[in-house]
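Structure, as structure tokens:
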Amino acid sequence: MTEPAEIAAGPAAPRRGGLWSDVREAIRGSEQDYTKGPIGRAILLLAIPMVLEMALESVFAVTDVFFVGRLGPDAVAAVGLTESMLTLVYALAMGLGIGTTAVVARRIGEKDREGAANAAVQSVFLGIGGAVLLGGLGVALAPHLLALMGASPAVLQIGSGYTRVMLGGEATIVVLFVVNAVFRGAGDAAIAMRVLWLANAINIVLGPCFIFGLGPFPELGVTGAAVATTIGRASGAVYAISRLLRPGSRVAVGRRHLGVDVPVMRTVARLSGSGAFQSIVGMASWIGLVRIVATFGSQALAGYTIGIRIIVFALLPSWGMSNAAATMVGQALGAGDPDRAERSVWRACLYNLVFLSAIGLGFVVAARPIVSAFTSDPQVLAYGTQCLRIIAAGFAFYAYGMVLSQSFNGAGDTATPTLLNLIVFWLWELPLAWALAVALGMGPRGAFVAVAVSFSTLAVAAGAIFRRGKWKRVVV
């Protein structure tokens with residue numbers, strides 16, 4: 001059923017004090033019941049801090065490459081290869097975030113805050129355990145992993161330290177993702193946003209200090225970017241945990257929750273495992289693309305790295321909108337209102353379409369001057385411009401695909417987007433990228449075209465499956 005207030009005047013009708021009042025409230029953060037009231041206003045209150053949070057997360061990616069770009073193509077290539085390896089860590093963190101958000105949102109919708117707090121603790125335990133194991137392996141094997149990814153001798157020499165520090169600091173990434181997923185699932189998105197504010201402020205200040213040796217700081221080159229990023233993330237993780245332990249928090253963790261609860265951990269692990277594999281499938285496709293592009297030299301790889309970083313900067317705010325839809329779906333299903341969950345998803349799709357279409361048009365028109373802010377190398381500039389322009393042309397499709405995929409996850413239906421990722425990215429995108437780039441001789445441009453085609457395919461397939469409604473009956 002459609003809410004009368006929304007029929008009459010859309011999402012703006014019930015606002016107290018108007019749009020800007022709601023924007024201030026969203027940034028400030030206040031406790032809301034997102035299972036009731038106008039859907040448009042609920043999405044606004046959730047999405048604004050989530051969009052800002054994800055925009056700030058993307059600043060990590062852009063900040064490093066902005067400063068490291070001053071050190072030359074080999075340094076940028078080292079960052080790109082390392083980030084490609086870190087996609088597996090991001091997959092673990094995102095998978096845990098998917099499971100955590102689904103369980104916490106469902107418990108909050110059921111008005112079971114004790115269950116939400118317990119799920120939060122089990123998620124953090126799972127994340128730290130996995131990150132410590134992967135981080136140890138990454139530190140030990142960093143040079144070998146870079147070589148495996150196709151790094152040249154010059155990239156190996158300049159980038160091994162960067163890779164060791166970044167892989168060794170994996171636990172900070174996972175904790176940030178998981179604890180912020182708790183806040184998002186609870187509808188407390190403003191806290192997650194502030195966590196990223198702190199982490200990014202520290203990273204932005206320390207980055208040039210450690211890279212170029214400003215003042216009393218040592219000149220560490222590209223490794224300094226990794227040191228600054230890890231310190232920033234660690235600071236954010238500590239702050240996030242402190243907010244989780246604070247009495248009166250929406251998901252308040254106390255001593256009674258600080259133990260292993262096998263049934264709850266099993267539930268979180270089941271959803272997170274599928275979510276992690278879902279992310280690994282998607283992220284691993286980026287590794288495959290990097291491997292294909294790397295065969296065309298450091299300039300092509302550096303251009304691809306810059307272009308993708310800019311695209312990530314644009315898409316991560318849209319993930320914020322997608323996360324808002326996931327929270328709405330989880331809480332509405334917990335409250336026994338699947339129709340509200342579905343209406344929330346289509347509304348979020350529309351908002352995301354407007355946002356990404358505008359950004360995509362801007363990238364298509366102004367790709368060259370945007371990329372030129374990150375490099376002065378003419379070949380790198382040409383490849384980066386080509387990458388940005390081609391992939392941005394499909395942003396309108398991505399808007400729907402991103403929201404729909406996260407909405408499945410918010411419902412606890414992690415299997416559907418996992419299968420979609422497997423088919424679209426591994427069985428379609430990578431073979432297409434190789435065929436276009438290598439077999440048909442299109443070079444890196446072929447890989448860029450494959451990305452645009454595959455993400456558009458995902459949007460169409462996800463929309464068709466979502467309309468069937470099986471996700472409404474998933475038990476969490």
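Multiplying the residue separation of residue 427 and residue 354 by 0.36 nm and removing their Cα-Cα distance gives an extension gain of 23.3 nm. With a simple spin-label model that places each label point 7 Å from the Cα along the Cα-to-Cβ direction, the separation between residue 270 and residue 132 comes to 2.7 nm. Candidate cross-link partners of residue 36 among the lysines, defined by an alpha-carbon separation under 16 Å and a same-chain spacing of 8 or more, comprise 111. Cβ crowding within 10 Å ranks 20, 426 as 20, 426, fewest other Cβ atoms first. Sorted from longest to shortest, the spans of the Cα atoms of the chain along the three principal axes equal 60, 47, 41 Å. Along its first, second and third principal axes, ordered by size, the stretch 112-214 spans 56, 32, 18 Å in Cα coordinates.
Extension gain, residue 467 to residue 372: 0.36 nm times the residue separation minus the Cα-Cα distance gives 29.9 nm. In the frame of its principal axes, the stretch 348-397 has Cα extents of 40, 15, 14 Å, reported largest first. With the simple model of a label 7 Å out from the Cα in the direction of the Cβ, residue 70 to residue 442 spans 3.7 nm. The charge dipole of the chain, taken about its Cα centre with unit charges on the Cβ of Lys, Arg, Asp and Glu (plus for the first two, minus for the last two), comes to roughly 740 debye. For the stretch 385-392, the Karplus equation 6.51 cos²θ - 1.76 cosθ + 1.60, evaluated at θ = phi - 60°, returns couplings of 4, 4, 4, 5, 5, 5, 5, 5 Hz by residue, with Gly and Pro reported as x. Computed from point charges on the beta carbon alone (+1 for Lys and Arg, -1 for Asp and Glu), the dipole magnitude for the stretch 220-352 about its Cα centre is near 380 Debye.
Remark: the stretch 326-476 projects, on average over all directions, an area of 9.8 nm² (convex hull of Cα atoms). Averaging the sequence gap over all C-alpha pairs within less than 8 Å and six or more residues apart, then dividing by the number of residues, gives the chain a relative contact order of 21 percent.
Of the residues 302, 398, 363, the one whose Cα sits farthest toward the positive end of the charge dipole of the stretch 259-417, with +1 on the Cβ of Lys and Arg and -1 on the Cβ of Asp and Glu, is 302.
Within the stretch 390-476, the trypsin sites (Lys or Arg not before Pro) that combine a DSSP coil assignment with at most 15 other C-beta atoms in a 10 angstrom radius are 467, 468.
For the peptides 296-308, 339-351, residues were scored by their other Cβ atoms within 10 Å and the scores averaged per peptide; the highest-first order is 296-308, 339-351. Relative to the longest principal axis of the Cα atoms of the chain, the long axis of helix 262-294 lies at roughly 30 degrees. D by Stokes-Einstein for the stretch 295-375, Kirkwood Rh over Cα pairs, 25 °C, 0.890 mPa s: 165 µm²/s. Computed from the C-beta positions of residue 475 and residue 140, the FRET efficiency with R₀ = 41 Å rounds to 0.50. With contacts taken as Cα pairs under 8 Å and at least 6 residues apart, the stretch 51-162 reaches a relative contact order of 36 percent. Taking other C-beta atoms within 10 Å as the exposure proxy, 110, 429 rank 110, 429 from fewest upward. Note on the stretch 370-437: Cα convex hull, mean projected area over all directions, 6.1 nm².
Coordinate-derived values only; no laboratory data. Model, not experiment: these values are computed from the prediction. Glycine also receives a Cβ, built like all others from the backbone with ideal geometry; neighbour counts cover every protein chain displayed.
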